[in-house]
Amino acid sequence: MRTVFTTTCSLVLLAAASADEWRGTWTNKRTRSSGTLHCVTRPDGHGKWKATFSGTFEGRPFKYRVTFRSAGSGDVVSGAAVISNRKYKWEGTLSPEKLTGRYKADNGYFGDFTLRKE
């Protein structure tokens, strides 16, 4: 089974139409596992972003696409995804250079991630 970690990108994306790349790590507190995480984000022009996440979970690669949005002032981001038939919800914060977040899944998985803009 794959673990999911979703995230967002910098406020800079509001003005830029090009893709941004983020790299870092994630942790799954329930399984006591961690791995690398790579994210490519692109604004969709309607206040949302499309992102592709890839990384490893227990030595196996994963890759998925998500759409996310900013809430309130724009430094808080959130979203939901269905990965491997599991529902995930997440919330995070962003700055121009760093993205951090927390997630929880309906199978009991929960954890966090930290990404830095490349």
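The values are calculated or read from the model by the stated rules, or taken from the named source; none is laboratory data. Because the structure is a prediction, the values reported are computed rather than measured. With ideal geometry, Cβ positions are generated from the backbone for all residues, glycine too; neighbour counts draw on all protein chains shown.
Restricting attention to the stretch 59-79, report how many residues are modelled with pLDDT of 80 or more, surrounded by 13 or more Cβ atoms within 10 Å (Cβ to Cβ) and either charged (D, E, K, R) or in contact with a Lys or Arg (Cβ under 6 Å, 6 or more places away or on another chain) (or both). Give the steps one after another, and end with the answer.
Going through the stretch 59-79, the residues modelled with pLDDT of 80 or more turn out to be 59-67, 76-79.
Remaining after also requiring surrounded by 13 or more Cβ atoms within 10 Å (Cβ to Cβ): 62, 64, 66-67, 76-79.
Subset that is either charged (D, E, K, R) or in contact with a Lys or Arg (Cβ under 6 Å, 6 or more places away or on another chain) (or both): 62, 67.
Of the residues in the stretch 59-79, 2 are modelled with pLDDT of 80 or more, surrounded by 13 or more Cβ atoms within 10 Å (Cβ to Cβ) and either charged (D, E, K, R) or in contact with a Lys or Arg (Cβ under 6 Å, 6 or more places away or on another chain) (or both).
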| said: Just the residues that are in contact with a Ser or Thr (Cβ under 6 Å, 6 or more places away or on another chain) and outside any loop (DSSP other than H, G, I, E, B), please, taken from the stretch 94-111. | reply: LEU94, LEU99, THR100, GLY101, GLY111
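So, in the stretch 90-111, how many residues would count as being of a type outside the set (A, V, I, L, M, F, W, C), farther than 15 Å from TRP26 by Cβ and either modelled with pLDDT of 95 or more or surrounded by 14 or more Cβ atoms within 10 Å (Cβ to Cβ) (or both)? Steps first, answer last, please.
Going residue by residue through the stretch 90-111, those that are of a type outside the set (A, V, I, L, M, F, W, C) are 91-93, 95-98, 100-104, 106-109, 111.
From what is left, the residues that are farther than 15 Å from TRP26 by Cβ are 93, 95-97, 106-108.
Narrowing further to those that are either modelled with pLDDT of 95 or more or surrounded by 14 or more Cβ atoms within 10 Å (Cβ to Cβ) (or both): 106-108.
So the count comes out to 3.
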| remark: Those residues of the stretch 22-47 that are modelled with pLDDT under 85, loosely packed, with under 14 Cβ neighbours inside 10 Å and in contact with a strand residue (DSSP E or B) (Cβ under 8 Å, 6 or more places away or on another chain) come to a total of 2
| query | Checking SER54 against (1) in a strand (DSSP E or B); (2) among the small types (Gly, Ala, Ser); (3) modelled with pLDDT under 85, which test does it fail? | reply | (3)
| Can you pull out the residues in the stretch 17-76 that are β-branched (Val, Ile, Thr), touching a residue at least 24 places away in the same chain (Cβ under 8 Å) and touching a Leu at 6+ places or on another chain (Cβ under 9 Å)? | THR25, THR41
| Scan of the stretch 80-89 for residues that are surrounded by 13 or more Cβ atoms within 10 Å (Cβ to Cβ) and not small (Gly, Ala, Ser), ordered by number | VAL82, ILE83, ARG86, LYS87, TYR88, LYS89
| Among the residues of the stretch 29-41, which ones are within 18 Å of LEU99 (Cβ to Cβ) and out of contact with any helix residue (DSSP H, G or I) (no Cβ under 8 Å at 6 or more places or on another chain)? | SER34, GLY35, THR36, LEU37, HIS38, CYS39, VAL40
| What is the residue count in the stretch 67-88 for residues that are of a type outside the set (D, E, K, R) and farther than 19 Å from LYS98 by Cβ? | 8
